[in-house]
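Written below as structure tokens is the structure these notes are about.
The values are calculated or read from the model by the stated rules, or taken from the named source; none is laboratory data. Please read these numbers as outputs of a predicted model, since none were measured by experiment. Cβ sites come from the backbone with ideal geometry, for glycine too, and all protein chains shown count toward neighbours. SASA here: full protein model, heavy atoms, side chains in, ligands and nucleic acids out. Shrake-Rupley method; radii C 1.70, N 1.55, O 1.52, S 1.80 Å.
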Amino acid sequence: NSSPSGWSQNKFKLFFFKIILKLADKIIVNSLEFKNEMKKKLKIKTQCIYNPLNKKQILKLSKKKLNFSFFDKNKKKLKIINIGRYVEQKDQLTLLKALNLIKNRIDFRAAIVGKGVKEYELKNFISENNLKKKVKLLNFTNNPYKYLIKSDIFILSSIFEGLPNVVLEAITLRKLVISSSCPTGPKEILKNGKGGLLFKIKNFKELAKCIIYASKNKKMLNAKIKYSYKSLKRFDSYVNLNKYLNVVKKILNV
């Protein structure tokens, strides 16, 4: 479920996966870009089945009661959210650098939901750059949707992914998505920018421009939100779970 770009630099992992994966009866990856990477980098044939998306469950959980004054009391301010582990892969530091660049240009509030080894580094950056009133780190929760529903923009800052479920979840709740164009998944989900905004990996200046653009063009960007929402049919849980079932049946000759 994670692009080879994230682990193929490690010679041991590359050697290990090349051997182990060739022993499998079937290898399933979760994006077409991922499939192409596996063929190009590992010379391994795979099948793409998208992550099953349960829209009803996400909508149900998003309606759970939440008192979150950080967003609720600031209805006129741009509300930004990022959800993910505090690890190098998710690269929330790039997001913080972008927010620091625009803190005196637009009025925003940003919530970063997760936990992990980079928490101290993120807290330190927030403190050193006087962002405490504008940015909050929130603990990991099994239901991030009640926070996501209150936001205006979801930002994915990852260096690599597989097919980021959180982007699909943000689109389900009809949020504008700004994402790094990392391998693999975001470009595929957002149809190369037709369904959201993309910026280069680690490029905090470009991300800052995307956020400013989004804050000034909300009505225009509604078209991208609608487009990405309509494109969610590809990820329907019933369709994709049946694809998994068919693979198993074929292997077992059922």
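Take residue 158 and decide whether it is touching a strand residue (DSSP E or B) at 6+ places or on another chain (Cβ under 8 Å), assigned to a strand (DSSP E or B) and closer than 24 Å to residue 4 by Cα.
Here the answer is no, as residue 158 does not meet what is asked.
Looking only at segment 116-138, filter to residues that are of a type in the set (D, E, K, R) and closer than 22 Å to residue 175 by Cβ; which one of those is least open to solvent (accessible area, probe 1.4 Å)?
134
Listed here are the residues, each with its yes/no results for (1) of a type outside the set (Phe, Trp, Tyr); (2) within 11 Å of residue 176 (Cβ to Cβ); (3) exposed (fewer than 15 other Cβ atoms within 10 Å of the Cβ).
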{"residue": "211", "(1), (2), (3)": "yes, yes, no"}
{"residue": "223", "(1), (2), (3)": "yes, yes, yes"}
{"residue": "228", "(1), (2), (3)": "yes, yes, no"}
{"residue": "234", "(1), (2), (3)": "yes, no, yes"}
{"residue": "238", "(1), (2), (3)": "no, no, yes"}
{"residue": "245", "(1), (2), (3)": "yes, no, yes"}
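Exactly one condition in (1) within 18 Å of residue 70 (Cα to Cα); (2) out of contact with any helix residue (DSSP H, G or I) (no Cβ under 7 Å at 6 or more places or on another chain); (3) among the β-branched types (Val, Ile, Thr) is false for residue 153; which is it?
(2)
Would a scan of segment 177-191 turn up a residue that is charged (D, E, K, R), on the phi > 0 side of the Ramachandran plot, assigned to a helix (DSSP H, G or I) and surrounded by fewer than 18 Cβ atoms within 10 Å (Cβ to Cβ)?
yes
Got a number for residues in segment 83-122 being in contact with a strand residue (DSSP E or B) (Cβ under 8 Å, 6 or more places away or on another chain), part of a helix (DSSP H, G or I) and closer than 17 Å to residue 210 by Cβ?
Residues in segment 83-122 being in contact with a strand residue (DSSP E or B) (Cβ under 8 Å, 6 or more places away or on another chain), part of a helix (DSSP H, G or I) and closer than 17 Å to residue 210 by Cβ: 6 in total.
Please give the number of the condition residue 254 fails out of (1) part of a helix (DSSP H, G or I); (2) at pLDDT below 95.
Unmet condition: (1).
Would you mention how many residues in segment 15-58 are open to solvent by less than 40 Å² (accessible area, probe 1.4 Å) and not polar (S, T, N, Q)?
Number satisfying all stated conditions: 13.
From the set of residues in segment 86-109 that are basic (Lys, Arg) and in contact (Cβ under 8 Å) with a residue 40 or more places away in the chain, which is nearest to residue 138 (Cα to Cα)?
Selected residue: 90.
If you scan segment 66-82, which residues turn out to be open to solvent by 30 Å² or more (accessible area, probe 1.4 Å) and touching a strand residue (DSSP E or B) at 6+ places or on another chain (Cβ under 6 Å)?
Matches in segment 66-82: 77 only.
In segment 161-177, which residues are within 24 Å of residue 36 (Cα to Cα) and either touching a strand residue (DSSP E or B) at 6+ places or on another chain (Cβ under 8 Å) or not acidic (Asp, Glu) (or both)?
Within segment 161-177, 162, 163, 164, 165, 166, 167, 168 meet the criteria.
Hey, among 96, 148, 156, which residue is more than 13 Å from the chain's Cα centre (by Cα) and either modelled with pLDDT of 95 or more or surrounded by 19 or more Cβ atoms within 10 Å (Cβ to Cβ) (or both)?
96
If I ask for residues that are over 13 Å from residue 185 (Cβ atoms), within 22 Å of the chain's Cα centre (by Cα) and part of a helix (DSSP H, G or I), which ones from segment 26-55 would you list?
Listed by number, the residues that qualify are 38, 55.
Mind telling me which of the residues 172, 141 ends up being modelled with pLDDT under 95 and open to solvent by less than 40 Å² (accessible area, probe 1.4 Å)?
It is 141.
Could you please give the count of residues in segment 39-50 that are in contact with a Leu (Cβ under 8 Å, 6 or more places away or on another chain), of a type outside the set (Val, Ile, Thr) and modelled with pLDDT under 95?
1
Taking residue 202, is it over 16 Å from the mean Cα position of the chain (by Cα), over 14 Å from residue 163 (Cβ atoms) and not β-branched (Val, Ile, Thr)?
No, not satisfied.
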